[in-house]
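Okay, structure first, notes after.
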Amino acid sequence: MELFYPMVISAVAVLATLVYTSYLDIRDRRVPFIHWLPMLAIGIVCTGWLIWQKTANLSLLFGYLALVASFLYADYLDNRGRTDSLGLTGYYKKSAIWYYLAGVLILVALSWFVLAPSVNIQLVPWYAMLAGIFLYVSYREYRGTPPVKARKGKKRPEINVSEAIERWYFVLIILIFAITGLLQFLSPGGWGSPALLVLLPAVFCGVFYIFGRMHLFGGADAWALIFISFAVPTFPFTPLLGNPPLGFLSFSVLINALILNLAAPVAIFVLNLVRGNRAPLMYMFFGFPVQGDRIQESWGFVMEDFDEKDGKISRKFIGFSDSLRRMYAGTNRVYTKDLREHPGEFTKELSIYKKAGTVWISYAVPFIIPITAGFITAIIFGDFLLAIMQFLT
C-alpha cells in the first residue's frame, strides 16, 4: 500500500477542522471563513510538496497555486465586507485589489508560460480572456459598483448586464482553467496525467462555488468541499475498498456524504408517522411541524405560505420548483434564524404563525456533518457508490 505522507498530514488537518466547524455549525449555524484558513495553509504546503515529489514540475505546481489563488481572489471580490468578522484590518482596502490581482495573474503566467518546458501558443488567448475578465470585475469593484443584493422578504431587484457579469464571471474563469487543464493534459509538451490535479479541482470546486452563489448549497458546506479538494486532492493511502478510477478524494467524500445523508429523511418520515403528523408525502421526508409561538427556537426554513383574510388563515405548502426559485433569488424564503435575529422585520409572519398553531419547517441538520462522515469513510473505506456498483455487477 503506497502511503503519501504529505496527504496524511493534510488529512489530519482537514479532519480536525471539519470536526470543529461541525460543532460551530450546530451551535451557531454559521462558520466564519477564518476557521478554514489554517487547514488551507497546511493543505497548500502538503499538496505542493506532493506535486513536487511526484512530478518535479514547477509549471504544474504554480498551476495548482494559481487555481487556489483565483478562488480566494474571487471570494475576496465577492465578500470584502468580511473584515468585521475576520478582524483583518486593511485586507479589504480597495487599493489592495490590484496587488491581489497582480499576484493571481503572475502565478498563472509563471505556470503557463515562464516555467513551462515549451510555450503552448493555444494558452495565450485563454490567458488574455482570464486577465480581461478579472481586470473588468476588479475595476468595477474598485469603483464601488457591486451588484445590488436583495434582502430576504424583499422584492428581487432588476439586474443589468454589468451586474450579471460581475455576479457570474467566475463561471468563465472556471471554464478557462478547465479548458487549459485539459489542453495541458492532452498536449505532448504539457503536464500529462498529473494535469488532473488542476483539472479535477477546477471543475469540482467551480461547481460548488457556483452552487454557493446560487444559494443552492450552504456557504460552509461549499467551502468545506472546495478546501478538501485543494488540501487533499488524492487519497493518502489505498482505502479498503480500493482506489476509485480517478483517485479524486473530494468526489468520493461528496458521494459518501450524500449516501449517509439519506438516513435523515427516512428517520424524519418514520418519526412523522409515529407522531401522527400528516402532510403531502414529499414533505413528510424533509420537514415536521413545530408550535407557531415557539418557531424562533427551531432551526430550518418555513415550508408553508400563509395568508390572513377576514380573520381566517389560509395555508399551503411551497412547491419544490417554487422553493428552488426562492433559494436562487434569496428572497421570500423565511428562515427561523432570521425570525430569531430580526424579529422586527417579521412581525406579521410571527403573528400569523402563532394564530396558525403549528408551522411545518424543514429539518436543519448541517450538511457539514455528513461531509465530515463522508471524509472519514472515504479515506478508510473508499467510494461507497463504486462499491455498490461493483457488488451489483
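The values are calculated or read from the model by the stated rules, or taken from the named source; none is laboratory data. The structure presented is a predicted model; accordingly, all values stated were derived computationally and were not measured. Here the Cβ positions follow ideal geometry from the backbone for every residue, glycine too, while neighbour counts run over all protein chains shown.
At a glance:
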item: Identity of the residue in segment 188-236, under 24 Å from Leu123 (Cβ atoms) and part of a loop (DSSP other than H, G, I, E, B), that ends up modelled with the lowest pLDDT; result: Gly189
item: In segment 267-298, the residues that are of a type outside the set (Lys, Arg) and closer than 16 Å to Phe346 by Cα; result: Gly292, Asp293, Ile295, Gln296, Glu297, Ser298
item: Helices (runs of 4 or more DSSP H) wholly inside segment 42-159 containing at least 2 residues that are hydrophobic (A, V, I, L, M, F, W, C) and at pLDDT 90 or above; result: 58-78, 96-109, 123-142
item: Unmet requirement for Pro244, which otherwise passes all of (1) outside any loop (DSSP other than H, G, I, E, B); (2) surrounded by 19 or more Cβ atoms within 10 Å (Cβ to Cβ); result: (1)
item: Inter-residue pairs, beta-carbon under 8 Å, first under 20 Å from Tyr335 (Cα atoms) and in segment 18-33, second assigned to a loop (DSSP other than H, G, I, E, B) and β-branched (Val, Ile, Thr), 6+ apart; result: Leu24/Val31; Asp25/Val31
item: Qualifying position, being charged (D, E, K, R) and in a loop (DSSP other than H, G, I, E, B), among Arg326, Arg340, Arg333; result: Arg333
item: Of the criteria (1) assigned to a helix (DSSP H, G or I); (2) modelled with pLDDT of 90 or more, which one Pro239 fails; result: (1)
item: Residue in segment 350-373 that is part of a helix (DSSP H, G or I), β-branched (Val, Ile, Thr) and farther than 19 Å from Asp25 by Cβ present; result: yes
item: Residue within segment 354-369 that is in contact (Cβ under 8 Å) with a residue 60 or more places away in the chain, in contact with a helix residue (DSSP H, G or I) (Cβ under 7 Å, 6 or more places away or on another chain), surrounded by 21 or more Cβ atoms within 10 Å (Cβ to Cβ) and more than 17 Å from Gly300 (Cβ to Cβ) present; result: no
item: Any hit, segment 317-335, residues being more than 28 Å from Ala263 (Cβ to Cβ), of a type in the set (S, T, N, Q) and under 31 Å from the mean Cα position of the chain (by Cα); result: yes
item: Residue under evaluation Gly189, criteria (1) out of contact with any Asp or Glu (no Cβ under 9 Å at 6 or more places or on another chain); (2) crowded, with 16+ Cβ neighbours inside 10 Å, criterion not met; result: (2)
item: Hits in segment 1-40 - residues which are more than 20 Å from Leu197 (Cα to Cα), of a type in the set (A, V, I, L, M) and buried (at least 21 other Cβ atoms within 10 Å of the Cβ); result: Leu18, Val31
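Residue-wise test of (1) touching a residue at least 60 places away in the same chain (Cβ under 8 Å); (2) surrounded by fewer than 17 Cβ atoms within 10 Å (Cβ to Cβ); (3) touching a Pro at 6+ places or on another chain (Cβ under 7 Å); (4) farther than 16 Å from Ala378 by Cβ.
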| position | (1), (2), (3), (4) |
| --- | --- |
| Phe227 | yes, no, no, no |
| Pro239 | yes, no, no, no |
| Leu254 | yes, no, no, no |
| Leu273 | no, yes, no, yes |
| Gly276 | no, yes, no, yes |
| Phe286 | yes, no, yes, yes |
| Arg294 | no, yes, no, yes |
| Lys312 | no, yes, no, yes |
| Lys316 | no, yes, no, yes |
